Amino acid sequence: MNPLKALLDLPTTEKENRGVVYTPQEIAQQPDTWTHTWNLLNSRLPEIQSFLATAGVTAIPRDKPTVYLVGAGSSDYIGHCLHHLLRQKWQCEVVPVSSTDMLVNFSDFILEGHPYLWISFSRSGDSPEGVAVLERALAEQPQIFHLVVSCNASGQMSRIIEDKPNCLGIVLDEETNDQGLAMTSSFTNMVIAGQALAHAWSPKEYAGTVKVMSEAATGFLPVAAEFAAHLADQEYSRACFIGSGVLAGTALESALKLLELTAGKVKTMSQATLALRHGPMAALDQETLFISFLSTRSTQQRYEIDLLREIERKQLVGTSLAIVGCGSSHLPKFETTEIVAPQLHRPIPDLYRPAIDVIFGQLLGLFFSLRNGLTPDSPSPNGAISRVVQPIEIY
């Protein structure tokens, strides 16, 4: 039986004992939930279009706003998975900015007289940094437009912007509000919501794309689960994730999933593909699991292939994998690097792949967590991390 399905089919009592009541299901349900999220955004398109137009997204180039994609941790990495797509579709500057950085350097991010649209992402809507930054912006910079995407209708961020001018809230279905510690369904569904926003004026195009994405993810899940469970049995103590473009965001999130679900027992790092060559490659060794999210763009892929072959030639890592979650009929040959991809023939551009490819990182986190004797739903035995980050003093 497929290892993910085996977890899903466990009796309830055993799921509770092993701490897998939520996390496996929240990973497995993702392809279906993406359709629900798209339908929700599509049903609100007139309202979304009106808000974005008022914020200046449809203005002439010199009057368009700078768009900040704001979040902390996984919610920050959502922005890294979206900025290139939004930049292309909206034809304005789009920048991922962590709320943790914005909180302590608030004034550095504001240029007087410049228009802004901030899109904040948060599973709970209760992130202390996200709440504090939003409250300060509303109080001190009322001209900034705010769009809050959350998975929790009762979260503070959604409540703060109610009835406020220049603000719009989008709360996704409750099924996306993960109950496990790690963000899985919430992460990918907020990515889907961001992609839908990018296509606010081309919904038919995205409707077809998200359908193919869901099909690809459905085919990828069992393949990825088999590889992830097998790798967990090999007990790697380190993992390195790389990717280019928005797939660098996928690498960031995958590294975090494995780190937090193993309570740091597996040390992880993440780099943009070619950045690895400028120093960080020194950290690779035979205890390292190396994962490259391989582009399907020809030029981009050539650089990535050269790097993988350099790592093979130097024998730098224990296992090397190339991930193509959408599948592809034109993949390179390697000496030792294994390709993890379903057999699909409908190409999906890299700009839309983060939600699919990150499933591999989620499954690595799940199976390595179990292999290390942890409970994936709550994998931090010393309480170092929690589902919602604890409050901090705001200055």
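General remarks:
- Cα-projected label distance for ASN39 with ILE110, points at 7 Å along beta-carbon direction, nm: 4.2 nm
- With the helix formula -39500 (n - 2.57) applied to DSSP H stretches of n ≥ 4, the chain reaches a computed 222 nm mean residue ellipticity of -14000 deg cm²/dmol.
- Among the protein heavy atoms of region 1-68, carbon and sulfur supply 50% of the accessible surface, probe 1.4 Å, non-protein parts ignored.
- Debye, to nearest 20: dipole size of region 47-183, +1 on Lys, Arg Cβ, -1 on Asp, Glu Cβ: 420 debye
- Here the extension length gained between SER329 and LYS204 equals 42.4 nm, from 0.36 nm per residue of separation less the Cα-Cα distance.
- Simple rule: put +1 on each Lys or Arg Cβ and -1 on each Asp or Glu Cβ in region 271-395, find the dipole, and look at LEU370, ILE359, ALA384; the Cα lying farthest toward the positive end is ILE359.
- Cβ-placed point charges (K, R +1; D, E -1), dipole of region 161-310 about Cα centre in debye, nearest 20: 540 debye
- Full-extension gain in nm, TYR303 to SER386, via 0.36 nm per residue minus C-alpha separation: 26.0 nm
- In loop segments of region 335-394 as defined by DSSP, there are no chymotrypsin sites (Phe, Trp or Tyr not before Pro) with at most 10 further C-beta atoms inside 10 Å of their C-beta.
- A run of the chain free of exposed loop cleavage sites, with GluC sites (Glu not before Pro) counted only in DSSP states other than H, G, I, E and B and at most 14 other beta carbons within 10 Å, reaches its longest extent at 236-334.
- Accessible area per residue, Å², the chain with all protein chains present, probe 1.4 Å: 41 Å²
- When +1 charges are put on Lys and Arg Cβ atoms and -1 charges on Asp and Glu Cβ atoms, the dipole computed for the chain relative to its Cα centre reaches about 860 debye.
- Extension gain from GLN315 to ASN372, taking 0.36 nm per residue of separation minus the Cα-Cα distance: 17.9 nm
- Computed label-point distance, nm, for sites GLN141 and ARG18 using a 7 Å Cα→Cβ extension: 4.8 nm
The values are calculated or read from the model by the stated rules, or taken from the named source; none is laboratory data. These numbers come from a predicted model, not from an experiment. Positions of Cβ are generated from backbone atoms using ideal geometry, with glycine treated the same way; all protein chains shown enter the neighbour counts. All accessible areas refer to the heavy atoms of the entire protein, side chains included, with ligands and DNA or RNA removed. Shrake-Rupley method; radii C 1.70, N 1.55, O 1.52, S 1.80 Å.
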